[in-house]
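Nothing in this text is a laboratory measurement; each read-out follows from the coordinates by a stated rule. Values in this document were obtained by computation on a predicted structure and should not be read as measured data. Cβ: placed from backbone, ideal geometry, glycine included. Neighbour counts: every protein chain shown.
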Amino acid sequence: MLRPAVSPDVLREVVLMAMNEEVAAEPASHCRLVSSGSLGVELGLRALNVGSGDRVAVCGYDYPGNLRAIESIGARPLLIDADPTGYSLDPDQLNKLNPADIKAVVVSHLYGIPADVEAIGRICKQNNWQWIEDACQTPLMPISGRFAGSHGSLGILSFGGSKPLTAGNGGAIVTSDVRIASKLNALLDRPSDAAPVSPLQAAALLPQLCRLHLCNLQRAQTIARLADEVSWLSDSMLGVCPPPDATCYKLAFLSHCRDSLLAELHEAGIPAGDGFRSMHRSSRRRCDRIGELRRCEQLGEQVCLIDHRALLANNAAQDQLVQCLQRIRLT
Ligand SMILES: Cc1ncc(COP(=O)(O)O)c(C=O)c1O
């Protein structure tokens, strides 16, 4: 029988092939498409046998759905502060925990700035914790010689509305662990796929996979130019710059006067917004925390994001963006 050229199966294989390019050790050997990245994190936790009463460490500044995913399976989030020089979970804080304190860890790469996967991976291995690498914002971003999503026990991608690879909705779970892959299959095959990606979504995604590298180059070029030519912006990035090969769909920086700055950006027609709400004040009935989560608080109050629509600007549109940003005077 002839196989259709474009199908979720083909997409699954292409995602795996792309993730394994140039990777020698422990390639991701299994990919399961799912209906969203959020569901991917929840199913990932289930596939790691995390359940009722277990504690899961997660950064207090993260996609709020990750906290919900932990709660939805009856587990309890343990909030960890963010890296003082980044946006993701701080490995030094994670390192303060004892092996029995938690069962698993969820770590996201945000705004094209990679989490310290080497330190996190090492700590998880030492303590025998499983970890989920949330690469929803950073599909196919090279980090420490492998692609985002292939460092953890399993990795999650999103094909949601605003993402670098988008089909409006959708996601994927990748792993090199055959037991995790079998558990995922058992969770999803009932016997029809309980959280499918459609052929139409696959058709939308396949050409984007081929173009992702070019889009990344374009975004990186815009970011480099903005950092070079808009001094207040490079100051506000505080030296935290996405690497040139980042999959960066939003450019993050910090501002003490976020509301007025965002109002000015909007007035200038620049697509910009704020970051996630920090979870440092979440009720103690919902979660535990390590320390005061000061960095999370700061990120929750100060993160501003310039959207990928502006970062993909080329030529005249890029000149205009630079000029608009240069005209903005911080008060
Ligand atoms: C870091 C992170 N994780 C997970 C998700 C969830 O992805 P989805 O929208 O596909 O559910 C998002 C979405 O914005 C995200 O930014």
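From least to most packed, judged by other beta carbons within 10 angstrom and beginning with the fewest, S283, S231, S150 follow the order S283, S231, S150. Would you mind classifying region 29-120 by shape? Square roots of the alpha carbon gyration tensor eigenvalues, ordered a ≥ b ≥ c; an a/c under 1.5 is rounded, otherwise it is prolate if a/b is larger than b/c and oblate if not. In terms of gyration-tensor shape, oblate. Model label points for A119 and N95, set 7 angstrom from Cα along the Cα-to-Cβ axis, are 0.6 nm apart.
Projecting the Cα positions of I270, A186, V240 onto the charge dipole of the chain (unit charges on Cβ atoms of Lys, Arg, Asp and Glu, taken about the Cα centre) puts A186 furthest along the positive direction. When I143, I123, I290 are arranged by Cβ crowding within 10 Å, least crowded first, meaning fewest neighbours, the order is I290, I123, I143. Shape call for the chain from the C-alpha gyration tensor, a ≥ b ≥ c root eigenvalues: rounded (a/c under 1.5), prolate (a/b greater than b/c) or oblate? It is oblate, given that a/c is not under 1.5 and a/b is not larger than b/c.
Computed extension length for I328-M17: 107.5 nm, one decimal, from 0.36 nm per residue of separation with the Cα-Cα distance subtracted. Long hydrophobic helices in the chain, taken as whole DSSP H segments with a C-alpha length of 20 Å or more on their own axis and mean Kyte-Doolittle hydropathy at least -0.5: 199-229.
A full extension of the chain between R285 and Q221 corresponds to an added length of 18.5 nm, given 0.36 nm per residue minus the alpha carbon distance.
For the pair L200 and A317, label points projected 7 Å from Cα toward Cβ lie 2.5 nm apart. Taking θ as phi - 60° and the Karplus parameters 6.51, -1.76 and 1.60, the scalar couplings of region 283-291 work out to 4, 6, 6, 8, 7, 9, 8, 10, x Hz in sequence order, x denoting glycine and proline. When DSSP beta bridges are restricted to pairs lying wholly in the chain, around 50% turn out antiparallel.
First check a/c for region 204-331, with a ≥ b ≥ c the square roots of the eigenvalues of its C-alpha gyration tensor; if it is under 1.5, answer rounded, and if not, answer prolate when a/b is larger than b/c or oblate otherwise. Verdict is oblate for region 204-331.
Rounded to the nearest 20 debye, the dipole magnitude of region 234-304 is 600 debye, with +1 charges on Lys and Arg beta carbons, -1 on Asp and Glu beta carbons, and the Cα centre as origin. Its Cα centre serving as origin, the chain has a Cβ charge dipole (Lys and Arg +1, Asp and Glu -1) of approximately 780 debye. Among T247, T138, the order by Cβ neighbours within 10 angstrom, fewest to most, reads T247, T138.
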